Amino acid sequence: QDADVTLRFTDTSLDPYARAFEKRISPFTTAVGSGTLRVIGELANPERLVVDVMFDQLQIRAFDYLLRNAKPIRVLMNNNVARIDDMRFVGDGTELDVSGTMDLNARRVAGLARGTANLGILQGFYRNIRSSGNAQLTAQVSGSLDAPIILGRATIDNGRLRYFSLPHSLEAVNGTILFDSRNIRLDGLTARVADGQVNFDGRIGLEGYAPADLALTATGRNMRLRYP
């Protein structure tokens, strides 16, 4: 039988539901939201359902970095296709606009993100790093969910990246990162490592959303390296 059900949720943890679909999400990433969920159609037939979600409030925390919605967010799913037309997140150093669609039957995605992003957002995807700094970002994602194609660029200003397995962090990161169909390319990216200047060139190969292979060159001068 057809149904028309509306649910109201307040201060609800949403990240456990996201991990049911994407298990690689960092355990330090949490999401709490308030809003309404309306389900219309045949409950026994998900493909015939219309699901309309309105987030009045949504807060996403990546370790110690907090993002929140600047205005209500509407997610509409019809015929197993989810659509977001205008989603804006703000935080310390971040004002990011996101839109896109996701076809769950065909397992395909199409999305666009643009604006200013704090690099602390990376902590939500990679559990072994801590990051800060700002980037001017334009990125387009398309293709299959399992092997998406990412196109765009990010211009980093005074970034910092700390990877737990390395004794030194990257400070004062500046330059442009280019995204193409299967790679992240570093073109003249500079940073300070162990009090010395380092220039980076090369590429990082992607498999899905995760780094897969490296072909990088780093040229450093006057670094004071720790030696075990």
Could you please give the count of residues in the range 143-163 that are open to solvent by 40 Å² or more (accessible area, probe 1.4 Å), of a type outside the set (Asp, Glu) and at pLDDT 85 or above? 8
Six or more apart or on different chains, Cβ under 8 Å: which pairs go from a residue in the range 57-82 that's farther than 18 Å from Arg8 by Cβ and acidic (Asp, Glu) to one that's at pLDDT below 95 and not in a strand (DSSP E or B)? Could you list them? Asp64/Gly120; Asp64/Gln123
Would you point out the residue of the range 165-183, among those that are in a loop (DSSP other than H, G, I, E, B) and in contact with a strand residue (DSSP E or B) (Cβ under 7 Å, 6 or more places away or on another chain), that is least open to solvent (accessible area, probe 1.4 Å)? Ser169
For the range 1-35 the number of residues that are at pLDDT 85 or above and over 30 Å from Gly120 (Cβ atoms) is 7
Out of the range 184-211, which residues are under 30 Å from Glu22 (Cα atoms) and either modelled with pLDDT of 85 or more or open to solvent by 60 Å² or more (accessible area, probe 1.4 Å) (or both)? Ile184, Arg185, Leu186, Gly202, Arg203, Ile204, Gly205, Glu207, Tyr209, Pro211
Inter-residue pairs, beta-carbon under 7 Å, first over 20 Å from Asp201 (Cβ atoms) and in the range 213-228, second open to solvent by 100 Å² or more (accessible area, probe 1.4 Å), 6+ apart: Arg224/Asp195
Enumerated strands (runs of 3 or more DSSP E) restricted to the range 1-117, each holding at least 3 residues that are surrounded by fewer than 17 Cβ atoms within 10 Å (Cβ to Cβ): 2-13, 29-42, 50-62, 73-78, 81-91, 94-103
Meets criteria (open to solvent by 70 Å² or more (accessible area, probe 1.4 Å), in contact with a Pro (Cβ under 8 Å, 6 or more places away or on another chain), over 29 Å from Arg88 (Cβ atoms) and among the charged types (D, E, K, R)) for Arg226: yes
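The values are calculated or read from the model by the stated rules, or taken from the named source; none is laboratory data. Computed from a prediction, not measured in an experiment: that's the story for all the values here. Cβ: placed from backbone, ideal geometry, glycine included. Neighbour counts: every protein chain shown. Accessible surface is based on the protein model in full, side chains and every heavy atom, while ligands, DNA and RNA are left aside. Shrake-Rupley method; radii C 1.70, N 1.55, O 1.52, S 1.80 Å.
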